[in-house]
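Q: Take this structure, written in C-alpha cells, and hold onto it; I'll ask about it next.
The values are calculated or read from the model by the stated rules, or taken from the named source; none is laboratory data. On a predicted model such as this, the values are computed, not experimentally measured, just so you know. Every residue, glycine among them, receives a Cβ derived from its backbone with ideal geometry; neighbour counts consider all protein chains shown.
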C-alpha cells in the first residue's frame, strides 16, 4: 500500500496554482519552519469572487497536496463559499489523508482563512 | 532503482539466501533435541556462533543470539543496570544520539530510579573521550556509546572510551549495529564489554542479531523459558536465520578492505556534488565516517517531499524530517549535533551499498540538485531568505 492516495500524489507531483500572485489583495501565511510546515496563500478577490489564487508551501507531500487541492476548491468561487472551506473537505477531495497528516489539511484551511482576513483588514473587503 | 538506504536494511547476500533456504528445508531439527537430527541443527548453530565470535574477536561463549539489534540493546542495558543496582550503582552514561532502542530503554530505567547523564556529541557528531571520563562517577554502572551513528555515520572513538571505562571499572556497551560488517570491530582491541549487532544491516536476514557480553558479565533474561543460549535467551533458536547471518557476517568482514576502497571514493564524489548546492551542509564529521554514509541538510525545503520526488526518480533514500518520523520533532540526532529544527527538517540520508557506481553517484547528485531547486522554487521560507527577510542558517 502506498503512503498516500493517488490524488494526493497527483497534487503533490503536479501542484495546481503554485507560485506567487503579484496583484493579490489577500495574503495569509500559517505554520512555522520549526514544525516543518509553512503555507502561504495569495488571493485575488474581485466582486466577492475569488478570481485567482496561488500558494507557496514548505512542507511534506501532504502539505503541498493539501495546499494545491484547497486552491482548486476555492478558485472562481464566491468569497462566502471560500470562507466555509473546511479541512475535512480538503482531505476528502484528496481521497483521504493518513491520520497523522490531517494537520496538513487544517493548515490549508487556516491559510485561506488568514488570507481572507488579510483581505478584509486591507479595507478592500468592505 | 538505486537503493541508497542500506542503513535501514540491506539486501541479503546470495550466500546468506542459499544458507537460509537450504537449512529451512533440511535442518529443521530442534537443536535442543538429543537425537542426531537435532544435534545436526545444534552443530550448525554452534558453527554460526564460532563464526560470529571470530568475526569480532570474541569467544563463542560470549555470544547470545537475539532477534536483532533492538533486543540486544535492551538486554545489554537491562543486564548492566541489574549488575549495577546490586552494588548500588545507579548511574548510566549514554550519548545524546543513541538509537531509540537505547534511549527508550534508558527512559524506563530512569523511571526505576537510575540517573542518566547524556554525553554531548558536538557539531561534528563525535563524543570526546575526556568528557566520558569527566562524567564517570563512583556510582556509574554503565557507559553506552554507539560505534557508528545510524543517521550521520560518524565513528566514535570506541577504543579510547573503552580504555577509560576499563580504568574506572565501568561496564562499556556499544550499539555496533551500523559498524559490524562495515568497519573493523574487535571487542578485545576496542576494550568493549558488551556489543549489539543486527543481521540485516550486513546482508543477513531480518529477525536475527546477537549480543556479545564479555565473560563474567551476568546477563538478565528478557525472555524466560527454556535453557537455550546458556539460559539467557529462551525460545527455540532460529537456526537457518542465525546460520545465514553468520555467513553474511563472515563475507562482510572478509571484504572490509574492498568495501572501504570501493565505497569511500563514491561517497566522497556524492558529498562533493551535493556540497555544490547553495545553503547546504554535510551532517557529521567527514573524516570519521562509515564508507557508506552521506547526510545533508538543505535549507528551505522539507525532507519528506524530497524523498517522494527522489522515489519518483528511482532513488530510495531516507530523511530525518519530522514528517518521516511520524512525530512533530525532526531527528534527535540532527538536533544533537546542533542543527536547528528549521534545517533539520530538510535532511537527506543516503547510505550506499556495494553495488553503487560512479554513474549512480552522478545521477543521485543531479537528481537531488533538481529536486532541491524545484522545491525551493515554491517554498515561502526560501523566498523570504532570498529576499533578505531572514538569515540563512547554512
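Q: Is it the case, given these coordinates, that residue A:65 is in a helix (DSSP H, G or I), out of contact with any strand residue (DSSP E or B) (no Cβ under 7 Å at 6 or more places or on another chain) and more than 14 Å from chain B (Cβ to nearest Cβ)?
A: On the way: in a helix (DSSP H, G or I): yes; out of contact with any strand residue (DSSP E or B) (no Cβ under 7 Å at 6 or more places or on another chain): yes; more than 14 Å from chain B (Cβ to nearest Cβ): no.
The answer is no for residue A:65.
Q: To continue, here is another question. Residue A:3 fails exactly one of the following numbered conditions: (1) at pLDDT 95 or above; (2) within 12 Å of another protein chain (Cβ to nearest Cβ); (3) farther than 21 Å from residue A:119 by Cβ. What is the number of that condition?
A: (1)
Q: Among the residues of the stretch A:36-52, what is the count of those that are within 14 Å of the chain's Cα centre (by Cα) and within 14 Å of chain B (Cβ to nearest Cβ)? Before the answer, list the steps.
A: So in the stretch A:36-52, the residues within 14 Å of the chain's Cα centre (by Cα) come out as A:37-44, A:50, A:52.
With the extra rule that they be within 14 Å of chain B (Cβ to nearest Cβ), the set shrinks to A:37-42.
Count: 6.
Q: Restrict the check to the stretch A:94-103 and report whether at least one residue is facing another protein chain (nearest Cβ under 10 Å), assigned to a strand (DSSP E or B) and touching a helix residue (DSSP H, G or I) at 6+ places or on another chain (Cβ under 7 Å).
A: The answer is no; no qualifying residue exists.
Q: Please list, ordered by residue number, the helices (runs of 4 or more DSSP H) wholly in the stretch B:24-136 having 3 or more residues that are without any contact (Cβ under 8 Å) to a residue 40 or more places away in the chain and more than 19 Å from residue B:170 (Cα to Cα).
A: Numbers: elements: B:36-55, B:69-86, B:100-111, B:129-135.
Output list reads B:36-55, B:100-111.
Q: Kindly indicate whether residue B:330 is surrounded by 15 or more Cβ atoms within 10 Å (Cβ to Cβ), facing chain A (nearest Cβ under 8 Å) and at pLDDT below 95.
A: Spelling it out, residue B:330 is indeed surrounded by 15 or more Cβ atoms within 10 Å (Cβ to Cβ), facing chain A (nearest Cβ under 8 Å) and at pLDDT below 95.
Q: Among all residue pairs at least 6 apart or on different chains, which show Cβ distances below 6 Å where the first residue, located in the stretch B:264-280, is surrounded by fewer than 19 Cβ atoms within 10 Å (Cβ to Cβ) and the second is in a strand (DSSP E or B)?
A: none
Q: Just checking, does the stretch B:346-359 include any residue being in contact (Cβ under 8 Å) with a residue 40 or more places away in the chain, surrounded by 19 or more Cβ atoms within 10 Å (Cβ to Cβ) and part of a helix (DSSP H, G or I)?
A: The answer is no; no qualifying residue exists.
Q: Quick one: is residue B:310 within 21 Å of residue A:66 (Cα to Cα), in contact with a strand residue (DSSP E or B) (Cβ under 9 Å, 6 or more places away or on another chain) and more than 11 Å from chain A (Cβ to nearest Cβ)?
A: Working: within 21 Å of residue A:66 (Cα to Cα): yes; in contact with a strand residue (DSSP E or B) (Cβ under 9 Å, 6 or more places away or on another chain): yes; more than 11 Å from chain A (Cβ to nearest Cβ): yes.
Answer is yes for this residue.
Q: Give the stretch B:137-155 a look and list any residue that's assigned to a loop (DSSP other than H, G, I, E, B) and crowded, with 22+ Cβ neighbours inside 10 Å, or say none. Explain how you work it out, then say what you get.
A: Filtering the stretch B:137-155 for residues assigned to a loop (DSSP other than H, G, I, E, B) gives B:137-139, B:145-147, B:149-153.
If the condition is that a residue be assigned to a loop (DSSP other than H, G, I, E, B) and crowded, with 22+ Cβ neighbours inside 10 Å, then B:145, B:146, B:147, B:149, B:150, B:151, B:152, B:153 are the ones that fit.
Q: Right, next: In this structure, is residue B:286 crowded, with 24+ Cβ neighbours inside 10 Å and either touching a residue at least 12 places away in the same chain (Cβ under 8 Å) or within 11 Å of another protein chain (Cβ to nearest Cβ) (or both)?
A: For residue B:286, the condition - crowded, with 24+ Cβ neighbours inside 10 Å and either touching a residue at least 12 places away in the same chain (Cβ under 8 Å) or within 11 Å of another protein chain (Cβ to nearest Cβ) (or both) - is not met.
Q: So, in the stretch A:16-35, of the ones that are touching a strand residue (DSSP E or B) at 6+ places or on another chain (Cβ under 8 Å), part of a loop (DSSP other than H, G, I, E, B) and facing another protein chain (nearest Cβ under 10 Å), which residue ends up nearest to residue B:376 (Cα to Cα)? So that I can check it myself, show each step before the final result.
A: Of the stretch A:16-35, the ones touching a strand residue (DSSP E or B) at 6+ places or on another chain (Cβ under 8 Å) are A:17-21, A:23-33.
The next check asks that each one be part of a loop (DSSP other than H, G, I, E, B); those that pass are A:17, A:19-21, A:23-25, A:33.
From what's left, facing another protein chain (nearest Cβ under 10 Å): A:19-20, A:33.
Values: A:19: 11, A:20: 13, A:33: 14 Å.
Looking at residues that are touching a strand residue (DSSP E or B) at 6+ places or on another chain (Cβ under 8 Å), part of a loop (DSSP other than H, G, I, E, B) and facing another protein chain (nearest Cβ under 10 Å), I get A:19.
Q: Moving to a separate point now. Among the listed residues B:315, B:337, identify the single one that is at pLDDT 95 or above, in contact with a helix residue (DSSP H, G or I) (Cβ under 8 Å, 6 or more places away or on another chain) and farther than 25 Å from residue B:210 by Cα.
A: Values: B:337 fails: in contact with a helix residue (DSSP H, G or I) (Cβ under 8 Å, 6 or more places away or on another chain).
The conditions single out B:315.
Q: Counting only residues that are over 18 Å from residue A:39 (Cα atoms) and touching a residue at least 24 places away in the same chain (Cβ under 8 Å), which one in the stretch A:75-93 is surrounded by the most Cβ atoms within 10 Å (Cβ to Cβ)? Please lay out each step first, then the result.
A: Residues of the stretch A:75-93 over 18 Å from residue A:39 (Cα atoms): A:76-81, A:84, A:92-93.
Then drop every residue that is not touching a residue at least 24 places away in the same chain (Cβ under 8 Å), which leaves A:76-80, A:93.
Details: A:76: 12, A:77: 15, A:78: 14, A:79: 20, A:80: 8, A:93: 18.
Ranking the candidates gives A:79 first.
Q: Since residue A:71 meets every condition but one in (1) within 12 Å of residue B:302 (Cβ to Cβ); (2) more than 7 Å from every other protein chain (Cβ to nearest Cβ); (3) touching a strand residue (DSSP E or B) at 6+ places or on another chain (Cβ under 9 Å); (4) assigned to a helix (DSSP H, G or I), which condition does it not meet?
A: (1)
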